[in-house]
Amino acid sequence: MSALANEPSRRFATCPVPISTLAESGAAVVVNYRVDAEGAERVVADVTAKGGRAVAVQADVAGSDDVRRLFERAREMYGPVDVLVNNAAVATFAPLSDITEDEFQREMTTNLLGTILTTQALAAQDDIGTASIINVSTAGTVTHPPYGSLYVASKSAVNAFTIVAAKELGPRGIRVDAIMPGPSDTEGTRAMGYAGSDLQAQDIAATPLGRTGTPDDYGPLVTFLASDDARWITGDVILASGGMR
């Protein structure tokens, strides 16, 4: 199994799926990053220290030339990509009055176009059998938080794209699903001051399981969706939020 996964933006790393979980399942992992080379290399070091195979590759998934180069590098290292985790995301939470055209273009380009381009690249491979694409969305598409209109809109589009792509690619044995993580306690959100904040307390109060998520809550779900155990699951958008709705 050859898996390609991208690290989320340092600016908005609310749900970095632990890529090492895929490696532990036997996948050779290509860790894509745009600017955070240090973070990507830490993931690679973690995987290789446990006996896995991983390499970091810089590319901006919002550009078709970069995506083409990314998949070429993945093929050179480990062969055709048969698992794709679209985990790249950027977001700015702001009042409607503060949304700019530049911000709209930036978020839609990374969050939606990036997902489309990488999906196209996987599907363009003519020497894969079955394959799995997992898009990382957000529980915000269900909870609709104030000030999140642009981010939620971009991820709602990802959810719709997931369902349509699953119908188009299913006849070729390519499954496409999405997960919607809830508010999460991660290295990225800690850097943003989320841990211990009033906002985290509000999120915990709104979550039936009584805490915010962690990357380890999402890794097993992604690994399952990537595996043959999920062979009858496609076109599903799965809420993983501890019950928050």
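A short reminder: the numbers here are calculations on the coordinates, not readings from a lab. On a predicted model such as this, the values are computed, not experimentally measured, just so you know. Every residue, glycine as well, gets a Cβ built from its backbone with ideal geometry; the counts of neighbours run over all protein chains shown.
For the reader, a short list of remarks on this structure follows.
- 3J(HN,Hα) along the range 94-109, derived from phi through the Karplus expression 6.51 cos²θ - 1.76 cosθ + 1.60 where θ = phi - 60°, amounts to 7, x, 3, 5, 9, 6, 10, 4, 4, 5, 4, 4, 5, 6, 5, 5 Hz, with x in place of Gly and Pro.
- Distant-in-sequence amide contacts of residue 89, defined by a placed amide H-H separation under 5 Å and a gap of 5 or more residues or a different chain, comprise 9.
- Distance from the range 29-73 to the range 85-138 (C-alpha centre basis), Å: 16 Å
- Whole-angstrom Cα spans of the chain along principal axes, big to small: 49, 37, 35
- Using only side-chain charges placed at the Cβ, +1 for Lys and Arg and -1 for Asp and Glu, the dipole size of the chain relative to its Cα centre rounds to 280 debye.
- Label-to-label distance for residue 101 and residue 37 is 3.5 nm, based on points extended 7 Å past Cα in the beta-carbon direction.
- With the convex hull of its Cα atoms as the shape, the range 169-215 has an orientation-averaged projected area of 4.8 nm².
- Full extension of the chain between residue 191 and residue 127 gives 18.8 nm of extra length, using 0.36 nm per residue less the Cα-Cα distance.
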